[in-house]
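Engineer: Following this message is one structure expressed as structure tokens.
The values are calculated or read from the model by the stated rules, or taken from the named source; none is laboratory data. Since we're looking at a predicted model, the values are computed, not measured. Here Cβ is always computed from backbone atoms with ideal geometry, including for glycine, and neighbour counts include all displayed protein chains. Remember, those area values only see protein heavy atoms, side chains included, never the ligands or the DNA or RNA. Shrake-Rupley method; radii C 1.70, N 1.55, O 1.52, S 1.80 Å.
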Amino acid sequence: MDTLWDNIEKLSAVCRAAGSHLPDEELKALQVGKVAEEAAEAMHALHGLKGLTTCGDDHTWSEVQNDLVGAVIAALLAMHYIDPTGARATFDDILHRRTRRGREAATAA
């Protein structure tokens, strides 16, 4: 069974091939922008769920989750674009650092 990062590496290869006509720095920047686009789609779905869109779109929590996963995938791809060999370790380091308070609170409880 493929791990999350195995899938990200495969998807990255496909995406890089599609963008092979662009400079590497441009691909990185475009992928970071893709994270924002996917997050905005999740926000749009949330607005639709709450009846706050002007276009009459009805949305569900499932659609919000789908768009959130799209944002996560886009973010992991952006990390892989930035540092193909170190993205996993960088992610693990940052995740450990950013979840410290949660681990401490769970231990104290």
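Engineer: Those residues that are open to solvent by less than 50 Å² (accessible area, probe 1.4 Å) and either part of a loop (DSSP other than H, G, I, E, B) or under 19 Å from L76 (Cβ atoms) (or both), I need them from the range 40-60; list them, please.
Structural biologist: Passing the criteria: A42, T53, H59.
Engineer: If you don't mind, another one. Quick one: is D92 open to solvent by 70 Å² or more (accessible area, probe 1.4 Å) and part of a loop (DSSP other than H, G, I, E, B)?
Structural biologist: Considered against the rule, which asks whether it is open to solvent by 70 Å² or more (accessible area, probe 1.4 Å) and part of a loop (DSSP other than H, G, I, E, B), D92 comes out as no.
Engineer: Going through the range 1-15 one residue at a time, which ones are open to solvent by 60 Å² or more (accessible area, probe 1.4 Å), assigned to a helix (DSSP H, G or I) and touching a helix residue (DSSP H, G or I) at 6+ places or on another chain (Cβ under 9 Å)?
Structural biologist: If the condition is that a residue be open to solvent by 60 Å² or more (accessible area, probe 1.4 Å), assigned to a helix (DSSP H, G or I) and touching a helix residue (DSSP H, G or I) at 6+ places or on another chain (Cβ under 9 Å), then L4, N7, E9, L11 are the ones that fit.
Engineer: Condition (residue is modelled with pLDDT of 95 or more, within 19 Å of K10 (Cβ to Cβ) and of a type in the set (G, A, S)) applied to the range 40-51: is it met by at least one residue?
Structural biologist: no
Engineer: Residue check, T85 against (1) under 29 Å from L27 (Cα atoms); (2) without any contact (Cβ under 8 Å) to a residue 12 or more places away in the chain; (3) in a helix (DSSP H, G or I), all met but one. Which one?
Structural biologist: (3)
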